[in-house]
């Protein structure tokens, strides 16, 4: 079933004037194009969020630094967190999901292509709205300023009394708008996975990527909605004189925390489960073995989804809940370590006895395994309430969650970029530059985030624009900041690789990795209709069956 | 070949569920989660207002209007049934009845709010009860309005002869939304007019 | 420590397995055949489900015990009781049974393990969320408006313990520092004694006192025994008994005090004390007056 002979008519598209091309992209409802739009959008915001992080770290490189004022610093960390979560990681994950799910399940597009486009543009607009605050929040007369209430915007700091002007409103509205986009995409993913699989593909024969994105989408539905509700309540408080979070009127600041973290905790599973999906596709291919324990991987993920909805108040251990409540959230938080640990063991077992090829995608996924292990363990530590009373809201927490999001999620995202770049662009990336990116970023990541645990252990709280000398934090902050420059360099190499390879890379062919899922049976890049004939499959690895007719998977599954 | 919209192949009708129903159920799940948070806030704040009118003082259960709204679920069901049998004119009549009942409900909410605001001086900013009451009932009312807009659009299509027997599936999916709105009202009614008083 | 030991052990084991797998199972130049495809193994999977569950149960039990011990403690008869009220960006301390009102520097008696005299601190907030964190004394507990909390400390060694606000509360969250002076009993008693006196009256400073009392200072600040009883800012009755000003942001020296009154933003930009636009003479007079408030 060689598809190398089918070539996408490049010459025809090259002749179109720019305006036509732009019009095509702006009005597209094709899941592949929307996927690419999401991904490029996320890359742009990755650079912006990275600049914000760099500003933060330069300010903190030594005590009593005055690189930026406290007001600017507070906006930096608010915008950095909000941007990275809502306008980098979520869009890039939605982008990959949109691009790959129909291809992997043998469909021609997502269930609701127009809803898909609507969701993307809502998300995109939300990001622009958030950044418009830089000029618009104080009215155009002032310089305007970005939100500075922290990405979780605790009440009553967000009330009219303490957050004067409109910066908080930009935060609220931007997330409200992009939240609708997220819910739309989640509806699409669920409907696509449940309703559009090709013949022979029962749920038990779906690629893990599709399963895990199904769980992720379900979590989005259950988690983003509480945030939407809380933000509507905040708007009622700020504009209609409501008292949802007005402690002067008997309202509760703690209830904002509950509502926010009911969103916030499942949100991190929304972020990490697609990362697991990438790892679950890449690790088997580069170990040359099927994933170990497919049914358990699915079950563990569903467990993570369920348990993940019940752990939220471990972000609130210091708030003064009863010991019964604290104890409950300790047990649920520790319980989630079990299915998560099982997944790590399964990936390890996939590699065990394999023939591992250390191409760039695999390098990133192996680093992910080590780093996610550490992140999970620091999470267990933080999940123990007494530990949390010391380490909560300190740089230990910042180190922990960056270990998960950067060391875990971003690393697998890089892996996914390299793995599927040939499919999306038709070109191979430069392996040398890929490895350079990996090593630069690995060094920078560890310099920054390994050492970041230490100031936390020594008592440094988070969200402070400066700190006192003599607390023992100085040298560690210096090392942490140095790591940033390695990461920045790594990102520059990464973007350069993508751009250069897109124009000058070798032709990739439809299956450069000798992989086994359906997307590798299409040309690179796939035509608009994806498959000339909708395939009928018999096992979880249809291309393995085709390549090994004497030893197909369906004999063993 | 440019990227114009290529008609999707119909999903193979083996055991796979239909996209419209799945999509609508998922949307309903999301909306249910939003309403749940407002209900939780309402319940949490029962009895916590520092001042002002209390539910016992000012609320009277809108029984008649609730019956109207809940009956509209019956009428919409009958409408969908009729369309499935191909009976467009019967469909149109039941559909119109649904819209009317929904509109009566909204009228009831409007009069109740008018009384609460102008006679009882309960506004969204009076106290915790006001804030949570108007938010919860208002959010539901907003969903009723959106539903009525969609239903009216379909009625317009029906009256101009554009609705046919093969549209029964789509109309059924829309009716799921309407049933959801009714179920939410049952919950809101229970929490606000029964539990909260 | 138990938690640390367990997580450390898990890390060591899994890390070694990962390193081993990465090293041993690299593709070497071979016949290009695929390795044996192993789809799963029930025994292994059960094992690595059951063992983590047992570990989690053990960790949980250890944790639950500590939670109960810390949270169920209540003030004994000889505990010192303090009410701490968080403000943007300073700490108000009241000792209800001792009649002391002060700000920013907390004094507590050292506790003898044989006859403990812990300090119980009730945590309230006047505006937004804060958090009381002095790492060497206790874990942190938040100060949340309309949600009273409490914490307790039982320090066995005298000394100065440093901390700071640990819940983002606005622009100057970073400089809402904590200084807890744990003192031997006699020293603590002497401190309480001096704090309960009304303000020193000094006729030399009457010019400064006049400026203080006729400008808006008394809207926010209190000086016991005078007409000043504002509650928005720190109580200044015994200002000179403190080593720092502005919640630890600057040492309590003549120059800093003068600078703070002239332009608070020079020390703590974004703090809620406005620059009072005093003339140089008024500034010197007020500073001199404040320096008499021992």
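Of all residues in the range A:442-462, which are in a loop (DSSP other than H, G, I, E, B), within 21 Å of residue A:407 (Cα to Cα) and within 14 Å of chain C (Cβ to nearest Cβ)?
A:462
For the range A:224-247, which positions are within 26 Å of the chain's Cα centre (by Cα) and facing another protein chain (nearest Cβ under 8 Å)?
A:224, A:225, A:226, A:228, A:229, A:230, A:232
Under 8 Å by Cβ, and 6 or more places apart or on different chains, what pairs join a residue from the range A:460-484 that is without any contact (Cβ under 8 Å) to a residue 12 or more places away in the chain with one that is in a strand (DSSP E or B)?
The qualifying pairs are A:464/C:164.
Counting only residues that are touching a helix residue (DSSP H, G or I) at 6+ places or on another chain (Cβ under 7 Å) and surrounded by fewer than 19 Cβ atoms within 10 Å (Cβ to Cβ), which one in the range B:78-87 is nearest to residue B:142 (Cα to Cα)?
B:78
When you go through (1) surrounded by fewer than 14 Cβ atoms within 10 Å (Cβ to Cβ); (2) more than 14 Å from every other protein chain (Cβ to nearest Cβ) one by one for residue C:148, which number turns out not to apply?
Against the list (1) surrounded by fewer than 14 Cβ atoms within 10 Å (Cβ to Cβ); (2) more than 14 Å from every other protein chain (Cβ to nearest Cβ), residue C:148 comes up short only on (2).
Out of C:290, C:257, C:239, C:283, which single residue is in contact with a helix residue (DSSP H, G or I) (Cβ under 6 Å, 6 or more places away or on another chain), more than 14 Å from chain A (Cβ to nearest Cβ), crowded, with 17+ Cβ neighbours inside 10 Å and under 28 Å from residue C:137 (Cβ atoms)?
C:239
Given the structure, is residue C:230 free of Cβ contacts under 8 Å to residues at least 40 places away in the same chain and closer than 30 Å to residue A:161 by Cβ?
For residue C:230, the condition - free of Cβ contacts under 8 Å to residues at least 40 places away in the same chain and closer than 30 Å to residue A:161 by Cβ - is met.
Is there a residue in the range A:288-304 that is over 30 Å from residue A:514 (Cα atoms), surrounded by 22 or more Cβ atoms within 10 Å (Cβ to Cβ) and within 24 Å of the chain's Cα centre (by Cα)?
Yes: one or more hits.
Among the residues of the range C:260-275, which ones are in a loop (DSSP other than H, G, I, E, B) and surrounded by fewer than 17 Cβ atoms within 10 Å (Cβ to Cβ)?
C:263, C:269, C:274, C:275
Is it true that residue C:247 is over 18 Å from residue C:274 (Cβ atoms), assigned to a loop (DSSP other than H, G, I, E, B), in the same structural domain as residue C:280 (by TED's automatic domain parsing) and at pLDDT 90 or above?
So residue C:247 fails the test.
If residue C:192 satisfies every condition in (1) outside any helix (DSSP H, G or I); (2) under 13 Å from residue C:101 (Cβ atoms); (3) under 26 Å from the mean Cα position of the chain (by Cα); (4) touching a residue at least 60 places away in the same chain (Cβ under 8 Å) but one, which is the exception?
(1)
Could we say that residue B:103 is out of contact with any helix residue (DSSP H, G or I) (no Cβ under 8 Å at 6 or more places or on another chain) and either surrounded by fewer than 22 Cβ atoms within 10 Å (Cβ to Cβ) or within 26 Å of residue B:32 (Cα to Cα) (or both) here?
In short, no.
Count, please, the residues in the range B:53-69 that happen to be closer than 28 Å to residue B:148 by Cα, touching a residue at least 24 places away in the same chain (Cβ under 8 Å) and either in contact with a strand residue (DSSP E or B) (Cβ under 9 Å, 6 or more places away or on another chain) or assigned to a helix (DSSP H, G or I) (or both).
The qualifying residues number 5.
Among the residues of the range C:172-185, is any in contact (Cβ under 8 Å) with a residue 12 or more places away in the chain, surrounded by 15 or more Cβ atoms within 10 Å (Cβ to Cβ), in contact with a helix residue (DSSP H, G or I) (Cβ under 7 Å, 6 or more places away or on another chain) and within 14 Å of another protein chain (Cβ to nearest Cβ)?
Looking for residues that are in contact (Cβ under 8 Å) with a residue 12 or more places away in the chain, surrounded by 15 or more Cβ atoms within 10 Å (Cβ to Cβ), in contact with a helix residue (DSSP H, G or I) (Cβ under 7 Å, 6 or more places away or on another chain) and within 14 Å of another protein chain (Cβ to nearest Cβ), one finds at least one in the range C:172-185, hence yes.
Look through B:113, B:94 and report the one residue that is within 14 Å of chain A (Cβ to nearest Cβ), over 28 Å from residue A:257 (Cβ atoms) and either buried (at least 19 other Cβ atoms within 10 Å of the Cβ) or at pLDDT 95 or above (or both).
Among B:113, B:94, only B:113 is within 14 Å of chain A (Cβ to nearest Cβ), over 28 Å from residue A:257 (Cβ atoms) and either buried (at least 19 other Cβ atoms within 10 Å of the Cβ) or at pLDDT 95 or above (or both).
Does the range A:60-99 hold any residues that are surrounded by 22 or more Cβ atoms within 10 Å (Cβ to Cβ) and within 11 Å of chain C (Cβ to nearest Cβ), and which are they?
A:60, A:70, A:73, A:74, A:75, A:77, A:78
With the requirement that a residue be in a helix (DSSP H, G or I) and on the phi > 0 side of the Ramachandran plot, what does the range A:300-344 give you?
none
Please state which one of C:127, C:142 is touching a residue at least 24 places away in the same chain (Cβ under 8 Å), assigned to a loop (DSSP other than H, G, I, E, B) and either facing another protein chain (nearest Cβ under 9 Å) or out of contact with any helix residue (DSSP H, G or I) (no Cβ under 8 Å at 6 or more places or on another chain) (or both).
From the options C:127, C:142, the qualifying one is C:127.
Could you please find all residues in the range A:390-399 being buried (at least 24 other Cβ atoms within 10 Å of the Cβ) and assigned to a helix (DSSP H, G or I)?
Within the range A:390-399, A:391, A:395, A:396, A:399 qualify.
Quick grid of which residues meet (1) in contact with a strand residue (DSSP E or B) (Cβ under 6 Å, 6 or more places away or on another chain); (2) modelled with pLDDT of 95 or more; (3) not assigned by TED's automatic domain parsing to the domain that holds residue C:230:
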residue: C:53; (1), (2), (3): no, no, yes
residue: C:64; (1), (2), (3): no, no, yes
residue: C:69; (1), (2), (3): no, no, yes
residue: C:75; (1), (2), (3): yes, no, yes
residue: C:158; (1), (2), (3): yes, yes, yes
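Determine whether the range C:72-89 contains at least one residue that is surrounded by fewer than 20 Cβ atoms within 10 Å (Cβ to Cβ), touching a residue at least 60 places away in the same chain (Cβ under 8 Å), within 14 Å of chain A (Cβ to nearest Cβ) and more than 22 Å from residue C:156 (Cβ to Cβ).
no
Does the range B:156-168 contain any residue that is exposed (fewer than 15 other Cβ atoms within 10 Å of the Cβ) and within 14 Å of another protein chain (Cβ to nearest Cβ)?
No: the range B:156-168 contains no residue that is exposed (fewer than 15 other Cβ atoms within 10 Å of the Cβ) and within 14 Å of another protein chain (Cβ to nearest Cβ).
Taking the criterion of being touching a helix residue (DSSP H, G or I) at 6+ places or on another chain (Cβ under 6 Å), more than 19 Å from residue C:36 (Cβ to Cβ) and in a loop (DSSP other than H, G, I, E, B), would at least one residue in the range A:536-550 satisfy it?
Yes, some residue in the range A:536-550 is touching a helix residue (DSSP H, G or I) at 6+ places or on another chain (Cβ under 6 Å), more than 19 Å from residue C:36 (Cβ to Cβ) and in a loop (DSSP other than H, G, I, E, B).
Looking at (1) under 28 Å from residue A:318 (Cα atoms); (2) within 11 Å of chain B (Cβ to nearest Cβ); (3) in contact (Cβ under 8 Å) with a residue 24 or more places away in the chain, which is the one condition that is false for residue A:250?
(3)
Please determine, by comparing only the residues of the range A:193-209 that are out of contact with any helix residue (DSSP H, G or I) (no Cβ under 6 Å at 6 or more places or on another chain) and in a helix (DSSP H, G or I), which one is nearest to the other protein chains (Cβ to nearest Cβ).
For the range A:193-209, the residue satisfying everything is A:203.
The values are calculated or read from the model by the stated rules, or taken from the named source; none is laboratory data. Since this is a predicted model, take the numbers as computed values, not measurements. Cβ coordinates were reconstructed from backbone atoms using ideal geometry, including for glycine residues, and neighbour counts include every protein chain displayed.
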